[in-house]
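The values are calculated or read from the model by the stated rules, or taken from the named source; none is laboratory data. Because the structure is a prediction, the values reported are computed rather than measured. Glycine also receives a Cβ, built like all others from the backbone with ideal geometry; neighbour counts cover every protein chain displayed. The accessibility values were calculated without ligands, DNA or RNA, using every heavy atom of the protein model including side chains. Shrake-Rupley method; radii C 1.70, N 1.55, O 1.52, S 1.80 Å.
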Amino acid sequence: MVSVLAKSSRDAAEDGLVESNGVALPDAVVEEVMDYGLLDSKIATMAALHRIPGARAEIALISIGRGYFQNCIAHRGKWTSGVHILQWTLNRLTDAPAIAANDLLGPVTLTLERTHELAIWDILFFRLIFVADVAQQAKEEGDPLGDLVDLLDAAVVQTQPGSPESLTKWLRKRAEKIRGAFPPARYDELRRELRRADDDEAA
């Protein structure tokens, strides 16, 4: 995705990203990312990002979430360390990301319409990458969620590259299988178990 970093300070001011004196305007996504690791729990930052609408917040959430999950696994954590982000991701797996005009800043060589399509496609696949991360670990632990481990590779082979419409249709056809591997009731059960574990640890 094209980046705001490619903008000059004058362009950024004209786009409403900074004040005329060069001071950056308040940015909820940046503030949450900067606070990551400073709050009582890292999941608090990710929960806050989940509540912020827009593609930038979602990209930040999945980026931080992947690092968080991989770090947990490296320290002998279980696949359930990514359960909240997984649930949030599955809930909007086929939803078109909300991409604002100022999310597409920088040099754009394609038409705005095509750039917008590619940005949507990128984020849809980014969601699948996170699902694949968690599913791979779940498979290694013998959990039914591991049935989704091939979802990403299948999407690459069976959908049209760069086409969010093709990918979305493909995912919707498989929605029942995807949810069957991780139904909402399973998430509610795991959430209660994790909460009890946290309460026991705090006691």
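A few comments on the model shown:
- Residue within the stretch 59-68 that is under 11 Å from the mean Cα position of the chain (by Cα), free of Cβ contacts under 8 Å to residues at least 12 places away in the same chain and in a helix (DSSP H, G or I) present: yes
- The sole residue among Val156, Val131 that is surrounded by fewer than 17 Cβ atoms within 10 Å (Cβ to Cβ) and out of contact with any strand residue (DSSP E or B) (no Cβ under 7 Å at 6 or more places or on another chain) is Val156.
- Residue match in the stretch 85-99 (condition: surrounded by 15 or more Cβ atoms within 10 Å (Cβ to Cβ), modelled with pLDDT under 90 and among the hydroxyl-bearing types (Ser, Thr, Tyr)): no
- Within the stretch 100-128, the residues that satisfy the criterion of being open to solvent by 60 Å² or more (accessible area, probe 1.4 Å) and among the aliphatic types (A, V, I, L, M) are Ala101, Val108, Leu110, Leu112.
Yes/no per residue for (1) of a type in the set (Lys, Arg); (2) touching a helix residue (DSSP H, G or I) at 6+ places or on another chain (Cβ under 6 Å); (3) not in a loop (DSSP other than H, G, I, E, B):
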residue	(1), (2), (3)
Asp95	no, no, no
Arg127	yes, yes, yes
Ala138	no, yes, yes
Ala185	no, no, yes
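- Candidate set from the stretch 142-152 (those that are touching a residue at least 12 places away in the same chain (Cβ under 8 Å) and open to solvent by 60 Å² or more (accessible area, probe 1.4 Å)); member that is nearest to Phe125 (Cα to Cα): Asp147
- Checking the stated criteria, Ala181 turns out to be of a type in the set (Gly, Ala, Ser), open to solvent by less than 60 Å² (accessible area, probe 1.4 Å) and touching a residue at least 12 places away in the same chain (Cβ under 8 Å).
- Selection within the stretch 164-178: residues that are in contact with an Asp or Glu (Cβ under 9 Å, 6 or more places away or on another chain) and surrounded by fewer than 16 Cβ atoms within 10 Å (Cβ to Cβ). The member of this set that is modelled with the highest pLDDT is Glu165.
- Residues that are open to solvent by 80 Å² or more (accessible area, probe 1.4 Å) and within 26 Å of the chain's Cα centre (by Cα) were ranked within the stretch 1-38; the one that is modelled with the lowest pLDDT is Leu5.
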